[in-house]
1. If I ask for residues that are touching a helix residue (DSSP H, G or I) at 6+ places or on another chain (Cβ under 8 Å) and under 30 Å from E367 (Cβ atoms), which ones from segment 146-183 would you list?
2. Counting only residues that are closer than 12 Å to E90 by Cα and hydrophobic (A, V, I, L, M, F, W, C), how many does segment 211-224 have?
3. Every residue in segment 102-133 that is farther than 15 Å from S59 by Cβ, in contact with a strand residue (DSSP E or B) (Cβ under 9 Å, 6 or more places away or on another chain) and not in a loop (DSSP other than H, G, I, E, B), please.
4. Any residue at all in segment 29-49 that is at positive phi, exposed (fewer than 15 other Cβ atoms within 10 Å of the Cβ), in a loop (DSSP other than H, G, I, E, B) and under 25 Å from the mean Cα position of the chain (by Cα)?
5. Could you grab the pairs with beta carbons closer than 9 Å, sequence gap of 6+ or different chains, first residue in segment 80-96 and outside the structural domain of A208 (by TED's automatic domain parsing) and over 30 Å from A376 (Cβ atoms), second one β-branched (V, I, T) and crowded, with 21+ Cβ neighbours inside 10 Å?
6. Tell me which residues, restricted to segment 53-68, are surrounded by 11 or more Cβ atoms within 10 Å (Cβ to Cβ) and either within 21 Å of L129 (Cβ to Cβ) or among the β-branched types (V, I, T) (or both).
7. Could you check G145 against (1) of a type outside the set (A, V, I, L, M, F, W, C); (2) modelled with pLDDT under 95; (3) in contact with a Leu (Cβ under 6 Å, 6 or more places away or on another chain) and say which number it fails?
8. Inspect all residues belonging to segment 111-130 and state whether any of them is over 19 Å from the mean Cα position of the chain (by Cα), free of Cβ contacts under 8 Å to residues at least 12 places away in the same chain and surrounded by fewer than 22 Cβ atoms within 10 Å (Cβ to Cβ).
Amino acid sequence: MNTTMNTPTNSPAPARARIAVIGAGPGGLTCARVLQRHGIPVTVYDRDPDENSRNQGGSLDLHDDNGQIALREAGLLEEFFALARFEGQEMRRLDPAGSVLDHHMPDTDETARPEIDRGQLRGLLLRSLDGGTVQWGRALDSVSGPAGGARTLRFTDGTAVEADLVIGADGAFSRVRPALSPATPHYTGVSFLEARFDAVESAHPELAELVGGGSAHAADGDRGLFAQRNSGGHLRVYIMRRVPLDWIAAAGLRPADTEGIRAQLLREYAAWSPRVLRMITENDGPYVDRPILALPVPHTWESSPGVTLLGDAAHLMPPLGVGVNLAMLDAAELALSLVRSATVDDAVRGYEKTMLPRSAEVARTLEGGAEFLLAAAGPDDDGPVRDRA
């Protein structure tokens, strides 16, 4: 770990600095957008070949006390509201028989946590940036260079660039994190298996009726199901279980063996009602294994000139409603700290002074929280918060 907090530096003013953001997810793009709004140049590097090279995942609910604050600083809140699905705030809590235990139907003017597809949010942020801000197909290999001087970014294509500030917004397996911390994600013991449903109203009408306009969650103490409406008539279901990390191979299966995995799941969920089991039996296409990982709690580091982290790179937690929202809040606060500070190093220290205690507090609250998603519900229990980051 770099421990250079007291190392003298010739840190540049942010407006004259070479600022590199690694990762073109919502956090990295929010940081770039806020910086550009204030006239500070920035370049974003992303490993994807282009913005459409892969599916961006499911729906996100952006909260009015963090994610929406970041969008306001980015000047994009009204555009977000124009895209958001306010009906997606509906939440149902079911038992394994399919009976509704709790039902939240949002008011017509409720704006606390509207939903948006992750791809739509990314597109909104990308369109807001100056042309050429994002350099696609640039997968970072390592960050090197002396503390207190320019950092060298080496990419897997053999190229390299120098930067005065490297912002790691590159997720769970961040290539920037090792410049600050030796921490690596660990498996929480809970895995999500994602199932996709298309044209849900016409092709899966019983499932559409069961889930409603937003999301639905059911659990029995050992396993659970979480269904989530997306735009365009799509639905995603997360099949949540406490299993070994290598459970597919241990069962003698392969990830592409959809029928074999389905048979395994039906044995595990044998006591559940056929009505609810549509979430397992009717999916379109293969399942996608998504083990839940987390960083140690608390994850912190000593401030090091020229490098910092935001979002999952800084504080990977179980998917309990904080991931993207905290990443975007981190991003906006870091950008504003750069706007308001005399030097890059002053800005980074000011940002980390706020971000690290906040993320540590939230991480302690959510530690072991993946187990909460499997807990059997009582009629007065709150359902899981959304935002699969």
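The values are calculated or read from the model by the stated rules, or taken from the named source; none is laboratory data. From a predicted model like this one, the values you see are computed outputs, not experimental measurements. Here Cβ is always computed from backbone atoms with ideal geometry, including for glycine, and neighbour counts include all displayed protein chains.
1. V166, I167, G168, A169, D170, G171, A172, S174, V176, R177, A183
2. Selection size over segment 211-224: 2.
3. Within segment 102-133, D102, H103, H104, L126 meet the criteria.
4. no
5. Between residues of segment 80-96 that are outside the structural domain of A208 (by TED's automatic domain parsing) and over 30 Å from A376 (Cβ atoms) and residues that are β-branched (V, I, T) and crowded, with 21+ Cβ neighbours inside 10 Å, the close pairs are F80/I116; L83/I116; A84/I116.
6. S53, Q56, G57, L60, L62, G67, Q68, listed by residue number.
7. Result: G145 passes all but (3).
8. Yes, segment 111-130 contains a residue that is over 19 Å from the mean Cα position of the chain (by Cα), free of Cβ contacts under 8 Å to residues at least 12 places away in the same chain and surrounded by fewer than 22 Cβ atoms within 10 Å (Cβ to Cβ).
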